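Values quoted throughout were computed directly from the atomic coordinates according to the rules given, and no laboratory measurement underlies them. Please read these numbers as outputs of a predicted model, since none were measured by experiment. Counting neighbours? That spans all protein chains shown, and the Cβs are built from the backbone with ideal geometry, glycine included.
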Amino acid sequence: MKRLTQENILAVALLCFFVGILVLSLDYSPRARLVPVPISVLGIILLGAQLVWQNLRSPDELHVDMLEFLTRRGINPVEGAEADDASSADQSPETPAAPGDLSVFSREVFAFGKVLAFVGLFLLLGPFPSVFIFTFAYLSLSRHYHWAKALVVTTIFVVIVYVLFVEVLDIQLYHGVLEPLVNNY
Amino acid sequence: MIEAIGGGLAMLLTPQAMTFMFIGVVYGLIVGILPGLGGIVAMALLLPFAYGYETAAMLALLLGAHIATIWGSSVTGILFKVPGAAKSLALIFDGYPLTQQGHASRALGASATAALLGGILGAIFLAVSIPIVRPIMLFLGPSEYLMMALWGLTIIATFSEGSLLKGLVAACIGVLIAFVGMDPVTATPRFTFDSIFLLDGISFPVAMIGLFAVAEMMKLFVKGGSILDRDVTEQRSTVMDGVKDAFRHWWLVARSSLLGVWIGVLPGIGASVGGIAAYAQAVQTSKTPEKFGHGAIEGVIAPDATVGANEGGGLMPTLAFGIPGGESMAILLIAFVSMGVTPGPQMLTNNLDLVFGMMWIIVLANAMTTLIGLVASPYLARLPAMNANIMVPLVLSVCFIGAFATRGHVEDVIVAAIFGFIGYIMEKYNYSRANMVIGMVLAEMIERNLHISLTLYGDTFIFTRPITLIMFIFIIVTTVMPFYRNWRRDRAVAPVAGGGE
């Protein structure tokens, strides 16, 4: 999918968000909506302008740095574009880790999936079992460590985190939604 | 007054007080480094252990821990782009690029030294200005606070990394997210969708964990390698370079410290706004503003000096009026009550030695924190070189437990993950995450003071309050001035360019 299409989808999604907020705000009392309504209207106007801007101007003009604009850094537009390209090649999330590896989109899906999996484990099992499983699985499946070393590193890490949060900071633990089921069984 | 200054120091120089301060500082550094847990958590957890000891020891433990959390949260902001607390947000803009370029030691050294100098200068400024602070505090009202918050919003232009329009959109989203929960003015639940959890609103620390820490770890996974730029194989500067930087920019440190004191003195503003304002004034007054955002050391020094000085200022409304200057000062008020000390105007007359004792605690705790920080910095600076395969699971684990520990709600873990996704998308498409947080921080202050101003002074309060009007004009002038200067420069350049053709 083209970058411009992605930008348009995101802008439209944000536009829907602001419209939704505006509609919800209208149900509140005049004082409760005193600030949310103007802010959501402002958001709608800004996104409308952004949509027009990004579809009618050339892609180079989309990335106008406000600091550069205000301070007149005075870079040559061509050089600036090249520099932007170079920096985006270094830092952009679209840069793959290694040639021949998974595509950027696949890695992004994996990244989202890993976070979702961790949160799912957290809700099911509670913090420390989920940290243990996630860390051990990550270290061993990424093949960064042999599974035995991964197990040792994970155990030490979990013990440190446990001591810090539970013993030193006295944080009350959450035991996960599975615990009552296990107890009943 | 000199006697009170000496008495305050003598009160502290006991083995028990100094030991308690050391324990507090070490504990505060650990808590500060953990994401989501700031000074208020450190003080709240220590409070039950502090009862039964001498007054100076109790205050040294609590304030020492609080002071140390400030630098602790700066560390993660500089090294991992994970601000430990809202007040350290501004540090990520230049601290993290410095880390990527192999200057983490220098950034940490500058940060620790600036915080120390800010703490010392803040205490001195405050001691000198005690006689004039009270009338000024009483003179400023909600409409002036509203103007200060609006001035904070103009900073958004500075932080608009990719495009001004997108930067403003991000700020609007931040403002609206801050309104989730019970409206404190009308007691109306807003945008809660009948969820009891959302009645409390979205927690700032949790949102920041998601927006920065979770999003950065996702980005690191997608990118691979480590946080450092690929051509960086070793540290390119030392901690001492950072220390020298802080002294070299003494005028910036002094200005930022003064700003920190005054922001601390005004109740309800907080160090979060202070750090952002300090960064903005550093950009606006710099001869090389184009370097900011790409690893300018001034971008680290200014916010840290302000936040360091802010604590001294925060003591003033707490002690003089019993109005906490920030959340952590509210905990200090509880400690005062347990000690039988009643904050109020008489504190500045009858208990002046106690007031100066606390200023000495700020100075000494800052010195202790900086000393430990300077020793630890070279080791901490190695952390960003860790491979993504190790860093991602470890940082994600600490972040999610930190998110849970913030309020003890498991829903906060889900919120952190959602904000992580949002943060990743915003980063990818150049919607400034910093602007979103600035919007969140300032929204409540703007709304609350707008409501109070309308109630107290009527619809035309901007024109009926002279100080408010002056501040309003100042905001307009400082916002329009760069555009006007640009326009004039363009006009001056146009004939030359035309002649050249």
So for the pair B:Glu3, A:Lys149, with labels modelled 7 Å out along Cα→Cβ, what separation do we get in nm? 6.8 nm
Once you place label points 7 Å from the Cα toward the Cβ at B:Gln284 and A:Lys2, how far apart are they in nm? 4.1 nm
Are any of the pairs A:Lys114/B:Lys291; A:Lys2/B:Lys166; B:Lys166/B:Lys244; B:Lys291/B:Lys428; B:Lys223/B:Lys244; A:Lys2/B:Lys87 more than 30 Å apart by Cα-Cα distance, and if so, which? A:Lys114/B:Lys291; B:Lys166/B:Lys244; B:Lys223/B:Lys244; A:Lys2/B:Lys87
What is the pair-distance distribution P(r) of the stretch A:1-53, computed from all Cα-Cα distances in 5 Å bins starting at 0, with each bin given as a whole percent? 4, 22, 25, 19, 12, 9, 6, 2, 1
What's the local net charge at A:Val35, with K and R +1, D and E -1, over the other residues with C-beta under 14 Å away? +1
Where does the stretch A:104-184 land on Rg(C-alpha)/(2.2 N^0.38 Å)? 1.24
Binning every alpha carbon pair distance of chain B at 10 Å from zero, what are the percents per bin? 4, 19, 30, 27, 14, 4, 1, 0, 0
Tell me what chain B gives for mean residue ellipticity at 222 nm when only DSSP H runs of n ≥ 4 count, each as -39,500 (n - 2.57), the sum divided by the residue total, rounded to 500 deg cm²/dmol. -24500 deg cm²/dmol
For the charge dipole of chain B, defined by +1 on Lys and Arg C-beta atoms and -1 on Asp and Glu C-beta atoms about the Cα centroid, which residue among B:Phe22, B:Met316, B:Ala115 has the Cα displaced farthest towards the positive pole? B:Ala115
Loop only per DSSP, at most 13 neighbouring Cβ atoms within 10 Å: give me the chymotrypsin sites (Phe, Trp or Tyr not before Pro) in the stretch B:176-208, ordered by residue number. B:Phe193
